[in-house]
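The values are calculated or read from the model by the stated rules, or taken from the named source; none is laboratory data. Keep in mind that what you see is a predicted model, and the values were worked out from it rather than measured. With ideal geometry, Cβ positions are generated from the backbone for all residues, glycine too; neighbour counts draw on all protein chains shown.
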Amino acid sequence: MERVSRDLQHVSLATVAVQVLYGVTGEQVEGSRSAAMLAILNDVAHAISSVVAIYAPDSLTFKALSPADLMDGTFERGAMTFRTKDGRELKHLSVQRGDMRVAISVLKAANATFGRGSPRRTD
């Protein structure tokens, strides 16, 4: 029962993007938050959004971003914000903890690459 409740916990999308990047490619995020690394994390967030739901705060709960918003919008600042086509900036994005494992598994199986074509781990 505790596993199920942990799986439903929300984790910051920026944190999930770092974990997915490492889980899929073995590449660690550099501490400087360079423009190149932020772009890679934006790419990772986009890939995650094609596999699992991305949530934004909505009053006292979370609301999944719509597929239309995800298709037309962009992740920015290393997956810390999402800008919709109409210019709204959504912050405090999250993913459910259990979905993070799903994203790693699916993207790893798909041999996903991000940004600079980061290599997939071979171990």
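Which of the residues that make up the stretch 94-109 are under 10 Å from the mean Cα position of the chain (by Cα) and of a type in the set (Ser, Thr, Tyr)?
Ser94
Residues in the stretch 59-78: is at least one within 15 Å of Val24 (Cβ to Cβ), touching a residue at least 60 places away in the same chain (Cβ under 8 Å) and in contact with a helix residue (DSSP H, G or I) (Cβ under 7 Å, 6 or more places away or on another chain)?
Looking only at the stretch 59-78, we keep the residues that are within 15 Å of Val24 (Cβ to Cβ), and these are none.
No, the stretch 59-78 contains no residue that is within 15 Å of Val24 (Cβ to Cβ), touching a residue at least 60 places away in the same chain (Cβ under 8 Å) and in contact with a helix residue (DSSP H, G or I) (Cβ under 7 Å, 6 or more places away or on another chain).
Which fully enclosed strands (runs of 3 or more DSSP E) of the stretch 66-112 have 1 or more residues being of a type in the set (Phe, Trp, Tyr), on the phi > 0 side of the Ramachandran plot and loosely packed, with under 13 Cβ neighbours inside 10 Å? Steps first, please.
On the way: elements: 74-76, 81-83, 89-91, 94-96.
Once the strands (runs of 3 or more DSSP E) in the stretch 66-112 are filtered for at least 1 residues that are of a type in the set (Phe, Trp, Tyr), on the phi > 0 side of the Ramachandran plot and loosely packed, with under 13 Cβ neighbours inside 10 Å, nothing remains.
Residue under question is Gly78, and the condition is that it be within 20 Å of Thr15 (Cα to Cα) and touching an Asp or Glu at 6+ places or on another chain (Cβ under 6 Å); does it hold?
No.
Give the stretch 53-65 a look and list any residue that's of a type in the set (Val, Ile, Thr) and surrounded by fewer than 19 Cβ atoms within 10 Å (Cβ to Cβ), or say none. Working first, answer last.
So in the stretch 53-65, the residues of a type in the set (Val, Ile, Thr) come out as 54, 61.
Matches in the stretch 53-65: Thr61 only.
Filter the stretch 1-40 for residues that are surrounded by 13 or more Cβ atoms within 10 Å (Cβ to Cβ), touching a helix residue (DSSP H, G or I) at 6+ places or on another chain (Cβ under 8 Å) and free of Cβ contacts under 8 Å to residues at least 40 places away in the same chain and give the result. Break it down into steps so the answer makes sense when it comes.
Initial filter on the stretch 1-40 (surrounded by 13 or more Cβ atoms within 10 Å (Cβ to Cβ)): 7, 10-27, 29, 37-40.
Among the residues that remain, those that are also touching a helix residue (DSSP H, G or I) at 6+ places or on another chain (Cβ under 8 Å) are: 7, 10-11, 13-14, 16-21, 23-24, 27, 29, 40.
The answer is Val18, Val29.
Please indicate, with yes or no, whether at least one residue in the stretch 42-57 is in a loop (DSSP other than H, G, I, E, B), at negative phi, at pLDDT below 95 and β-branched (Val, Ile, Thr).
The answer is no; no qualifying residue exists.
Return the residue satisfying two criteria in turn: it lies in the stretch 4-17 and is in a helix (DSSP H, G or I) and modelled with pLDDT under 95, and of such residues it is nearest to Arg97 (Cα to Cα). Give the derivation first.
Keep residues of the stretch 4-17 that are in a helix (DSSP H, G or I), which gives 4-7, 13-17.
Checking which are modelled with pLDDT under 95 leaves us with 4-7.
On the way: Val4: 10, Ser5: 9, Arg6: 7, Asp7: 5 Å.
Among residues in the stretch 4-17 that are in a helix (DSSP H, G or I) and modelled with pLDDT under 95, the one nearest to Arg97 (Cα to Cα) is Asp7.
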